[in-house]
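K.L.:
Sending over a structure as C-alpha cells; questions will come in a sec.
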Amino acid sequence: MPRPPPPLAARCPPLAAAGSRLRSLAKGGYYAALALAYGLCGGFADVVMANSSWTAGHVRRLWWRASPPALVYPPADIAQLAALPLERKLKKLYLVGVAQFRPEKGHALLLRAYARARASASAGAAGDAVRASQLYLVGGCRGAADEARLAELQALAASLGLGASVRWHVDVPFDELKALLGGAVGGVHAMVDEHFGISVVEYMAAGAVPIAHNSGGPRADIVVPSESDAATGELRAGFLAASVEEYAAAMATVLTMPQPERRRIAEVAQRRAAAFSTERFTEGFTDAVAPLLPRGGGR
C-alpha cells in the first residue's frame with residue numbers, strides 16, 4: 001500500500017522572508033521604494049490615459065501628478081452587435097459567458113452560482129424556465145495550462161450536476177460568437193477588479209442583459225445607465241454581483257423576467273454601450289494627445 005504524502009507544511013515550507021522579521025522588513029522596504037519610484041516616474045509623463053474610472057483612481061493615488069489622467073475607454077467593435085434584434089426566442093433560454101479560460105476570469109464562481117440558481121428554483125413556470133435553461137461558456141485557450149483548466153472546469157460542472165446544462169464553445173470565430181450573443185437573454189462576467197471589461201460591453205451592445213462583478217470597470221463605468229436614461233428614471237442597465245448567492249439571484253431574475261421588462265433593460269444597456277464605440281475611442285484618444293501634436297500655421 002503506498003505511503004501517504006507528507007503533511008502540507010512539510011511539502012510547502014514557509015517563505016524565508018516570512019520566517020525572519022529582518023527579511024520581512026527588507027522586503028517591505030523594497031516594495032515601498034519601488035512604489036515611490038513608480039509614482040515619481042509617472043509624474044514625468046506628458047500625457048496619461050486610463051481605460052476606466054477605477055484605473056484612473058489608482059493612477060491618481062500612485063502617480064505624482066498635478067493633473068488627473070484622461071479617461072479614454074478602450075474601443076469595442078459594437079456596430080455589428082448593436083444591429084442584432086433585441087427580442088429573444090424564450091423557448092431556447094440561455095446565459096452566455098465570454099472569457100478566456102484563465103484562472104482570474106472566475107468560471108468556477110459562475111458554475112457554482114448557476115447550480116445554486118437551478119437548485120433554488122421554485123415550483124411552477126418560473127422555476128421550470130430556470131431548470132430548462134442552459135449556460136454557454138465561450139472562450140479561448142492559450143496553451144496546455146488553459147486546456148487543463150478547461151478540463152477541470154468541465155469536471156466541476158459534472159460534479160455540480162450541470163453536465164447536460166453547460167455548453168462549452170472553445171476558440172470560436174466571431175460569426176459564431178455574434179450568433180451566441182444574439183440569442184442570449186443575459187451575459188455573465190465574474191472577474192474581480194477588471195480594469196475595464198469589453199465582454200460586458202459586448203453583452204450590452206448585443207441586447208443580452210449583463211450580470212457583472214461588482215468591482216472595477218464594470219461597476220464604475222459600464223453597468224450604469226447613460227445620463228439621458230438616468231434623467232428619465234431608467235436606472236438599471238444590468239446587474240452587479242459578487243457572491244455565489246448574488247450571482248444565482250441575478251441569473252434567476254434574468255432568466256425569468258417578462259420579455260417587456262428584459263427588453264427595457266436591454267435597451268438601456270445598449271444605449272450605454274454606445275459610449276464605448278470605436279468612434280468615441282478615437283475622439284477621446286485624439287483629444288488626449290492633442291497637446292503633443294504640432295500646431296498648425298507658418299513659421
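K.L.:
Sorted by mean Cβ packing within 10 Å, highest first, what order do the peptides 228-236, 78-86, 30-38, 49-57 take?
P.N.:
49-57, 78-86, 228-236, 30-38
K.L.:
Also, quick follow-up: What ³J(HN,Hα) values, in whole Hz, does the Karplus curve 6.51 cos²θ - 1.76 cosθ + 1.60 give for segment 153-166 when θ = phi - 60°, with x put for Gly and Pro?
P.N.:
In residue order, the calculated couplings are 5, 5, 5, 4, 4, 5, 5, 8, x, 10, x, 8, 10, 10 Hz.
K.L.:
Considering every pair of different Cα atoms, what Kirkwood radius, in Å, is found for segment 19-71?
P.N.:
12.4
K.L.:
Taking amide hydrogens as modeled 1.01 Å from N in the peptide plane, which residues meet the under 5 Å criterion relative to Gly187, leaving out close sequence neighbours?
P.N.:
HN-HN under 5 Å from Gly187: Val96, Val209, Ile211.
K.L.:
Here's something else I'd like to know. Please report, in debye to the nearest 20, how large the charge dipole of segment 188-252 is about its Cα centre when each Lys and Arg carries +1 at its beta carbon and each Asp and Glu carries -1 there.
P.N.:
80
K.L.:
A follow-up question, please. Among (i) 33, 23, 17; (ii) 37, 25, 15; (iii) 36, 33, 17, only one was calculated for this model; which label is it, if the read-out is semi-axes √(5λ) of the Cα gyration tensor in Å?
P.N.:
Among (i) 33, 23, 17; (ii) 37, 25, 15; (iii) 36, 33, 17, the one derived from this structure is (iii).
K.L.:
From the residues Ala266, Leu90, Phe101, which one has its Cα farthest along the dipole of segment 79-280 in the positive direction, the dipole being from +1 and -1 charges on Cβ of Lys/Arg and Asp/Glu about the Cα centre?
P.N.:
Among Ala266, Leu90, Phe101, the one farthest towards the positive end of the dipole of segment 79-280 is Leu90.
K.L.:
Along the charge dipole of segment 79-280, pointing to its positive end and built from +1/-1 on Cβ of Lys, Arg, Asp and Glu, which listed residue (Ala144, Ala230, Ile211) has its Cα farthest out?
P.N.:
In segment 79-280, that residue is Ile211.
K.L.:
Shifting gears a bit: So, with +1 on the Cβ of K and R and -1 on the Cβ of D and E, and no other charges, what is the size of the charge dipole of the chain about its Cα centre, to the nearest 20 debye?
P.N.:
820
K.L.:
Related question: Name all residues of segment 120-157 having a backbone nitrogen under 18 Å from the label point set 7 Å from the Cα of Gln259 along its Cα→Cβ direction, giving them as ranges.
P.N.:
125-126, 129-130, 133
K.L.:
Based on the Cβ-Cβ distance of Asp287 and Ser20, what FRET efficiency does E = 1/(1 + (r/R0)^6) give at R0 = 51 Å, to the nearest 0.05?
P.N.:
FRET efficiency, Asp287 to Ser20: 0.50.
K.L.:
Rounded, prolate or oblate: which fits segment 83-157, taking a ≥ b ≥ c as square roots of the Cα gyration tensor eigenvalues, rounded meaning a/c under 1.5, else prolate when a/b beats b/c?
P.N.:
oblate
K.L.:
Can you give the FRET efficiency to the nearest 0.05 for Ala144 and Ser228, using r as the Cβ-Cβ distance and R₀ = 35 Å?
P.N.:
0.15
K.L.:
Then there is this: How many nm separate the modelled label positions at His169 and Ala242, each set 7 Å beyond the Cα in the direction of the Cβ?
P.N.:
Rounded to a tenth, the inter-label distance reads 3.1 nm.
K.L.:
Add +1 for every Lys or Arg and -1 for every Asp or Glu among the other residues with Cβ under 14 Å from the Cβ of Ser228, and state the total.
P.N.:
-2
K.L.:
Roughly speaking, what is the stretch gain from Leu235 to Leu34, that is 0.36 nm per residue apart minus the C-alpha to C-alpha distance, in nm to one decimal?
P.N.:
In short, 68.1 nm is gained.
Every number in this text was worked out from the coordinates using simple rules, so none of it is lab data. Everything numeric here is computed off the predicted structure, so don't read it as measured data. All Cβ positions, even for glycine, are placed from backbone atoms using ideal geometry, and neighbour counts span all protein chains on display.
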